[in-house]
Amino acid sequence: MSAALFPRTPPLADADPAQSRQRILDYFHRTFDRYEQLFEVLTCDEAYFEKPIALRHPLIFYFGHTATFFINKLLLAGLLKERINPRFESMFAVGVDEMSWDDLNEANYDWPTVAAVKAYRDRVRVAVDAIIRNAPLTLPIDWENPWWVIVMGIEHERIHLETSSVLIRQHRLDYVRPHPAWVPCGVSGAQPDNQLVDIPAGDVRGGKAVADASYGWDNEYGEHHAAVRAFKAARYLVSNGEFLPFVEAGGYEDDSLWLEEGKAWKQFARAHHPTFWRLEPEGWQLRLLTQVVDMPWDWPVETNFHEASAFCRWKARTSDAAVRLPSEDEWHRLLAVSGLGELPDAAPAAANIHLDHWASSCPVNTFAHGPLFDVVGNVWQWTETPIHPFDGFRVHPIYDDFTTPTFDERHNLIKGGSWISCGNEARHAARYAFRRHFFQHAGFRYVVGEPLAARPLSQYETDRLVSEYAEFHYGDEYFGVGNFPRAVAELAIAAMAGRPAHKALDLGCATGRASFELARHFDKVTGVDFSARFIGVGVQLATQGSLRYTLVDEGELVSYRERRLSELGLEAVRDKVDFVQGDACNLKAIHADYDLIVAANLIDRLRSPCKLLETIHTRIRPGGLLVITSPYTWLEEHTARTEWIGGFKQDGENFTTLDGLKEILGKHFRLLGEPQAVPFVIRETCRKFQHTLAEATIWERADRG
């Protein structure tokens, strides 16, 4: 590959391990370098700490986030044994890009200096470099191979190369400066007249095969088949010049062109034109990454979904044609008609993509793809399709929240990539989705065709484990055994017996029932769990009051459930509960000063329970309580044998988990009463259930320090 080209996502089924190792090493360093190079456009340290937009963290978070992602995921994969900076790896772990449950209160973040984050990134670079050079490598690299996580970290940083560039593009102009590595296109002219191109009917088959030799995110896999009817498509992406009459005709002021969601965004944002447009006395201008230029009318307009959709309604009204955005399947028909293959490894792409040409868009009539232009590249293209799982979808256990939070009918797919879409983003199978009011380097192409067929909603939770826990927490009781999370909460509330009840923490909250039950008694309850899939259930119930999920009955047969907080008597406590994703072994500093902490069936699933238990007293007020339940099912797949706190022989005698708890917690707590057995039943199918006894112990923080 030419050294000047930004390297493509590497093949993962090479026959030569040495060649594959070197290719991935180069892929890592070139990506790490390019990401840091993006932040070189910032003019001062203050630019890292002032938010470009209110909905996301300041740029210092994104500077550190991609590095901590490597460490957190490599630890899970077993390729790294020790953390580099636990504070950073908690603070920078989870962003706010799409996670409605994240804490946007910046008072909770004591951001480190830019120099400190750069020094941390340097240490991460050395650590990852050593792993790539020295870790055992067997080929091919597939989901089960720990090296998959190395490539995952690199592809994740490439995603943030793009999303961070969008934030920088929205930053104050005095906070950015031109940079020789980020030179925009200097070509512009009159916009071409758009025309409609006939796209014949055809079949679309999607879903990446597990054996595919390139990296993919979980949503790309499975099976998908669709028969697409004939339609017409605009030859070009909609240009700034083609969009201008919509603006001048009052399209932003005409509420009849906007759906309710779009109208609400428009009113909130006070939008009267595209966000990157600027109206100056000398005329319209366009904000690029680091500068403002006279409006290039032949470049693609950049909008969110709502603006693109409103334009299509205006176009339909003014042209008397059935104008709309394409579906995901129709975009694949455009791809088939274009004849485009994947990007070449050793030559620049015949498209404005992968940073092969400019650090900006370019005229919409630059790159012809068959009878169309810009089927890929220049800007992402909004579709009418909310992202949904293909048949056979499953999550990757190392990154379980990449896609599942977006299966909510509020995230629409964008296709084709932009000028800065690199690696996996630039492959045809890529499936990225954003909230309809969010901005990327995204525009649109309109089509004329029959109305799209209604697609089944994806809002029923279909992840089997999540559904089983939803039923465990909110569903039916089986064999006369009461609801376990409710029983644990009632046991904890009874033990409080006149103590202050301001704040409680439900640690390892899973899908959150105990958090809601504790809120009957406490002023505020926080539920924390490592799994975003579980947290999502609690968030949905807290925000919407209801939940739908499927349960396996037998084989491929399922049944459907809908649960409501109102039916459980918990509607009134919704506003008292917050859910946060977090690592029990590496909690953020803000999780402190609790009157009660409940850790239900958690300790025997932690990689290092001692790390939690030896410090948990610092998070509980003197006189506060700690309630622990566990069946003490120690398994090396969750906890290394050396990390067990009981369940083994010590000096020839039985050493139980209760013995271990007394030894560790006895320094700061005293045990209240005797352990209690709390039974629970988990439904796996309509004929298979787990019946388990957890042991509950209640501990009072007795020290004062």
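Assorted remarks:
- Between residue 656 and 647, the built amide H atoms are under 5 Å apart, and every one of these is 5 or more places off in sequence or on another chain.
- Whole-number D in µm² s⁻¹ for segment 526-614, Kirkwood Cα-pair radius fed into Stokes-Einstein, 20 °C, 1.002 mPa s: 139
- Dimensions in Å of the chain - Rg and Dmax from alpha carbons: 27.0, 87
- Cα-based Rg of segment 464-701 normalised by 2.2 N^0.38 Å, two decimals: 1.00
- Residue 443 sits among other residues whose Cβ lies under 12 Å from its own Cβ, and their net charge, with Lys and Arg +1 and Asp and Glu -1, is -2.
- The chain: calculated mean residue ellipticity at 222 nm from DSSP helix runs of at least 4, using -39500 (n - 2.57): -9000 deg cm²/dmol
- Nearby lysines by direct alpha-carbon distance to residue 576 (threshold 19 angstrom, same-chain neighbours under 8 apart not counted): 503, 524
- Kirkwood analysis of segment 426-561, using all unique Cα-Cα pairs, places the hydrodynamic radius at 18.2 Å.
- Taken one residue at a time, the phi angles of segment 490-500 give Karplus couplings (6.51, -1.76, 1.60, θ = phi - 60°) of 5, 4, 5, 5, 4, 6, 5, 6, x, 6, x Hz. Gly and Pro are set to x.
- Relative contact order [Cα under 8 Å, 6+ residues apart], segment 464-701, whole percent: 20
- Projecting the Cα atoms of 29, 385, 628 onto the charge dipole of the chain (Cβ charges, centred on the Cα centre) puts 628 farthest toward the positive pole.
- In a reduced charge model with +1 at each Lys and Arg Cβ and -1 at each Asp and Glu Cβ, segment 173-326 shows a dipole moment near 160 debye about its Cα centre.
- Protection proxy ranking of 622-629, 531-538, 110-117, 34-41, by the mean of other Cβ atoms within 10 Å over each peptide's residues and highest first, is 531-538, 622-629, 34-41, 110-117.
- Karplus 3J(HN,Hα) series, Hz, for segment 661-674 with 6.51 cos²θ - 1.76 cosθ + 1.60 (x for Gly, Pro): 4, 4, 5, 7, 7, x, 5, 10, 10, 10, 6, 9, x, 9
- Long-range HN-HN contacts of residue 176 with modeled amide H, under 5 Å: 43
- Residues 301, 187, 149, arranged from fewest to most other Cβ atoms within 10 angstrom of their Cβ, appear as 187, 149, 301.
- Close amide H pairs (under 5 Å, H built 1.01 Å from N) link residue 434 with 412, 414, residues at least 5 positions away or on another chain.
- When the Cα convex hull of segment 360-492 is projected onto planes of every orientation, the mean area is 13.0 nm².
- Student exercise, the chain dipole from Lys, Arg, Asp, Glu Cβ charges, in Debye to nearest 20: 720
- Across segment 447-452, computed HN-Hα scalar couplings (Karplus, 6.51 cos²θ - 1.76 cosθ + 1.60, θ = phi - 60°) run 10, 10, x, 5, x, 6 Hz from first to last residue, x flagging Gly and Pro.
- Normalised by the number of residues in the chain, the mean separation of alpha-carbon contacts (under 8 Å, six or more apart) gives a relative contact order of 11 percent.
- Kirkwood radius and radius of gyration were both taken over the C-alpha atoms of segment 418-494, and their ratio Rg/Rh is 1.23.
- Alpha carbon centroid spacing (whole Å) that separates segment 625-685 from segment 504-582: 26
- Taking the Cα atoms of segment 17-175, the ratio Rg/Rh between the radius of gyration and the Kirkwood radius comes to 0.98.
- Protection proxy ranking of 63-71, 375-383 - average other beta-carbon atoms within 10 Å, highest first: 375-383, 63-71
- Burial ordering of 332, 691, fewest other beta-carbon atoms within 10 Å first: 691, 332
- Too-long pairs where the Cα-Cα distance tops 19 Å, listed order kept, from 315/415; 588/611; 232/263: 315/415; 232/263
- Report note on the peptides 154-163, 317-326: ranked by the mean count of other C-beta atoms within 10 Å, highest first, their order is 154-163, 317-326.
- Among 406, 589, 214 the positive-end extreme of the charge dipole of the chain (Cβ point charges): 589
- Any cysteine of the chain lacking a neighbouring Cys Cβ under 4.7 Å - listed by number: 44, 312, 422, 509, 585, 610, 686
- Values of log10 I(q)/I(0) for segment 497-554 across q = 0.18, 0.25, 0.27 Å⁻¹ run -0.65, -1.01, -1.10, by the Debye formula with one identical scatterer at each alpha carbon and no solvent.
- Residue among 339, 180, 283 farthest towards the positive dipole end of the chain, charges placed on Cβ: 180
Laboratory data are not the source of any read-out in this text; all were calculated from the coordinates shown. Computed from a predicted structure; not experimentally measured. Glycine gets a Cβ as well: all are built from the backbone with ideal geometry, and neighbour counts include every protein chain shown.
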